[in-house]
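Input: a single structure, listed below in structure tokens.
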Amino acid sequence: MSEAPVVAAAAAASGHCVLSILCCLTLACSYVGSLYVWKSELSRDHPAVIKRRFTSVLIVSSLSPLVLWVWRELTGIKTDAAILSLMGFRLDGILTATTLPLLLTMVLFLGPLVQLSLDCPWGLIDGLKVAVDPRFWILCFTDMRWLRNQVIAPLTEELVFRACMLPMLVPCTSPGTAIFTCPLFFGIGHFIGPVLCHSFCNYIGFPAIFTALDHPQRSTIVLFYVLGVVLFFLLLYPMTDPTLYGDIPICSLLDKGSTDHRSLCL
């Protein structure tokens, strides 16, 4: 008889996890499906196609917090944190959450950044002049492909595939496992810091390693490629230390006696 409560608790936890996976699959399929509801012979880079897809993903993204709310109501998980707070919308720790992950990502891309700087025809002063020129930014925001790659895609993908999915997965797995599981749902179909990192990665693209090997200054570039990877792994844990980011709302979803709670939460 004494084992009955334990069995019941395990069954409930299993049911919560099944529901979490189903909700994540629903979000993933909805997001990806929204991109293909429009039938067109035009290229995916055509402005008309991009605008239609903008409409679809923005609708799905705006409804995704509702899925998280339904999940919380159905599981009955008790937390004082608001839905938006669980999704990562908070002011506490916003400065470090905005800068440190982006700096860490830039360290990883040190090689491509050095290669870009060597190949860039502009000097530093010319580049700064362009960066502060309003006409440059007007041109960017009126370019549908730039807007898709640098704004809409990072924003909506991080909202759906990380901000909404992570809280649903954390109670079933460790936070670390949940973080690495979210991109798997993105593979079926990535908040302040992740959006900037995502946008930066979209801008830089996948490192052109073979181009670097053919570059006239390949020794310098390869050196920075290796240095960037080494520094990334050396800085990964210090720059992602939970104590740097203040109160973490998803901690309220963890058992306070668990190892995950002690290692992640203040």
Query raised in the report: Quick one: what Rg and Dmax do you get for region 145-249 from the alpha carbons, in Å?
Result: 16.8, 52
Report summary line: residue 14 and residue 106 label points (each 7 Å along its Cα→Cβ direction) are spaced in nm at 5.0 nm
Query raised in the report: Leaving out ligands, DNA and RNA, what percent of the accessible area of the chain is carbon and sulfur, probe 1.4 Å?
Result: 70 percent
Query raised in the report: Given a 1.4 Å probe, how much area per residue of the chain is accessible, in Å²?
Result: 59 Å²
Report summary line: Rounded to two decimals, the Rg over Rh value of region 17-164 from Cα coordinates and the Kirkwood Rh reads 1.05
Report task. State the percent of C-alpha pairs, over all pairs in the chain, separated by a distance greater than 22 angstrom. Result -> 65 percent
Query raised in the report: Between residue 29 and residue 82, what is the label-to-label distance in nm when each label sits 7 Å out along the Cα-to-Cβ direction?
Result: 3.3 nm
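The values are calculated or read from the model by the stated rules, or taken from the named source; none is laboratory data. Predicted, not measured: the structure shown is a model, and the values here were computed from it. For neighbour counting, all protein chains shown are included, and Cβ atoms are generated from backbone atoms with ideal geometry for every residue, glycine included. Surface accessibility is based on the protein's heavy atoms, side chains included, excluding ligands, DNA and RNA. Shrake-Rupley method; radii C 1.70, N 1.55, O 1.52, S 1.80 Å.
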